[in-house]
Amino acid sequence: MGILAALEKGLGIKAETGSRIAAAWADYAGSEASHSGRWTDLSQAYRVHPWVHAGVKAIARAAADVPLRVIRVKGGTPKSLIAYKSILGIKRWEDVLERVKAEGGEVLENHPLLSVLENPLPEAHITRHEFLEAIVTYLELEGVAYAEKIFVDQAKRTLRGLWPYIDPRHIWVIPGEDKLVQGYIYRRGANAIVFASDEIVAFKYFHPENPYYGLAPTEVLRQALIADLRAIDWNRMFFDNDATPGGVLSTEQDITPAQSRAMRALWEERYRGPRKAHRTAVLGKGLKYQPVSPSHRDMGFLELRGWTREEVLAVYGVPPIVVGLYKDVNRAAAQTMRRLFYENTVLPRLGKIESVLNYALVPDGENVRLVFDVSAIEALQEDVTEKARVGRLLTDQGWTKNELRNWWGKPRAEGDLVDAVILPLNVQAAGTVAPQKSFANKSIVKDKPAGGVPEAFLPPESESLEDQRRVHILSLIHI
């Protein structure tokens, strides 16, 4: 068996009428692809779970804030600005768009696609921000998002608008015999609408088990979210019913059913409910109270909820600072977290949306591309104070002005000393050390003869003893 034949057998690929179709496609060809394995309650997590809401909202709003541009590149295929940063070796995000223009790229300000995306559907008052927010939110919750294309006429030559508010739970994919998707069915109750594949823009996360529907981060978190919601509900019921743990009243004495009912009624009357919590109970002879329900401390309530929060934010890729958790975070750490949030979470989402929009909306043969202007993201721009500090350190290391400008992506400068190594010359002597006048250890310091000549320290013999004393006065011991 050859390598290709073994690969085809391992992947379940079979040949039909000269074309290769994956077995998974052929099973549904001409009918609806099942939603089997997909949960229908994932969107509800956005409404009922606080950290899902906070994390998804943070991603959606951050992505929707990034403006869209249309660029045309001469002599090549337009790419995303993220790709240009890597290809051209651009160090700073804020320089990407300017560098593309310097390399021959043209930013089109009045392209028809910009008009559609800035105001996707005028009669519905949908803005670009709302369009992108809806797409990203559906992607995070359901793994797929859809937008209906609205055309000017039946010929579908001119795009007039986009409708993003399509609940993915009500969309079924119609697989084709010679392509993955032949069309879509929107079914809600007894009503059904059929769309051709070119009438829907489909955004989808990768799903290893289903080629038609995406795998959402929320689906991965489903079991953890259910457990956390039950913990929240237990906490609510704890305070609604009784702020003390549940338990039993026990005694070794024989009691009648009437006495049991009376004791229970008396106990609940005195101690049941949040307003009667923590009262001191007085029990009769032989009657004991035994708690049977765990307390918050017994359950590790705070630790459990804290761990779920970290798990939720980790799966979505949202640092705590982004959702308002500022505990033990300084300014430098906050800036780093926000930058990582955009680089590791927001930019990959933008890359997926950008590629789908270009595939679905840019006409064939038109050498333009919709790009997200990453240079406008404030969190990715370098801090001026940090930039100045690094520049000063590099200057002290002998970098020239033009080397610094090249490092920051700036054009070369002309003039005197721009290519010269300039080191600080303000290092001056602070003074001289005064001779020692006293010795704590009462020892005599031996003078070192200057130039190896002992006579250099001795005064002329003709001088008086007083004159000689003045010469040696600083070397004498003062007690």
Item to check | Solvent-free Debye scattering, log10 I(q)/I(0), computed from the Cα coordinates of the stretch 319-381 at q = 0.15, 0.16, 0.17 Å⁻¹ | outcome: -0.58, -0.63, -0.67
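Using a cut-off of 10 Å between beta-carbons, work out the net charge of the residues near His170 (Lys and Arg +1, Asp and Glu -1, His170 not included). Display every interim value, and only then the final one.
Numbers: positive: Arg169, Arg187, Arg188; negative: Asp167.
Its environment carries a net charge of +2.
Just to confirm a number: summing +1 for Lys and Arg and -1 for Asp and Glu over residues other than Glu199 whose beta-carbon lies under 9 angstrom from that of Glu199, what do you get?
In short, 0.
Add +1 for every Lys or Arg and -1 for every Asp or Glu among the other residues with Cβ under 13 Å from the Cβ of Phe372, and state the total. Could you put the intermediate results ahead of the total?
Working: positive: Arg69, Lys79, Lys85, Arg128, Arg349, Lys352, Arg369; negative: Asp65, Glu354, Asp373.
Net charge around Phe372: +4.
Can you give the FRET efficiency for Glu268 and Lys327, using 1/(1 + (r/R0)^6), R0 = 41 Å, r = Cβ-Cβ distance, to the nearest 0.05? Please list the in-between numbers first.
On the way: r = 40 Å, r/R0 = 0.98.
Plugging the Cβ-Cβ distance into 1/(1 + (r/R0)^6) gives 0.50.
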Next on the checklist: Probe radius 1.4 Å, ligands and nucleic acids left out: which of Leu266, Leu180 has the largest accessible area, and how do the rest follow?
Outcome noted: Leu266, Leu180
Checklist entry - Taking a probe of 1.4 angstrom, what is the accessible area of Ser115 in Å², to the nearest 10? => result 80
Item to check | trypsin sites (Lys or Arg not before Pro) within the stretch 145-216: DSSP coil, no more than 16 neighbouring Cβ in 10 Å | outcome: Lys156, Arg157, Lys179
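Order the following by accessible area, largest value first: Val96, Val107. Probe radius 1.4 Å; ligands, DNA and RNA are ignored. All intermediate terms of the calculation are to be shown ahead of the outcome.
Values: Val96 0, Val107 30 Å².
The ordering from most to least exposed comes out as Val107, Val96.
Could you list the square roots of 5 times each eigenvalue of the Cα gyration tensor of the stretch 119-234, that is, the equivalent ellipsoid semi-axes, sorted largest first and rounded to whole Å? Before the final figure, lay out the partial values.
On the way: eigenvalues 168, 74, 32 Å².
Over the Cα atoms of the stretch 119-234, the ellipsoid semi-axes are 29, 19, 13 Å.
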Item to check | Links that overshoot a 25 Å alpha carbon limit, given the list Lys101/Lys156; Lys179/Lys204; Lys91/Lys401; Lys57/Lys79; Lys156/Lys179; Lys101/Lys352 | outcome: Lys101/Lys156; Lys57/Lys79
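Counting Lys and Arg as +1 and Asp and Glu as -1, each charge on the Cβ, what is the dipole of the stretch 69-207 about the Cα centre in debye, to the nearest 20?
On the way: 19 positive and 19 negative charges, 77 e Å.
Dipole magnitude for the stretch 69-207 comes out near 360 debye.
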Checklist entry - Once both labels are modelled 7 Å past Cα along the beta-carbon direction, what's the Glu414-Arg261 spacing in nm? => result 10.5
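Run through the stretch 160-219 and list the GluC sites (Glu not before Pro) located in a DSSP loop whose Cβ has at most 14 other Cβ atoms within 10 Å. It would help to have the intermediate numbers written out before the result.
Numbers: sites: Glu177, Glu199, Glu209, Glu219; in loops: Glu177, Glu209.
Those satisfying the criteria are Glu177, Glu209.
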Item to check | Those chymotrypsin sites (Phe, Trp or Tyr not before Pro) in the stretch 120-207 that DSSP places in a loop and that have at most 11 other beta carbons within 10 Å | outcome: Phe206
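The values are calculated or read from the model by the stated rules, or taken from the named source; none is laboratory data. These numbers were taken from a predicted model, which means no experiment stands behind them. Ideal geometry is used to build each Cβ from the backbone, glycine not excepted, and the neighbour counts take in all protein chains shown. Heads up: the accessible areas ignore ligands, DNA and RNA and are worked out on the full protein's heavy atoms, side chains in. Shrake-Rupley method; radii C 1.70, N 1.55, O 1.52, S 1.80 Å.
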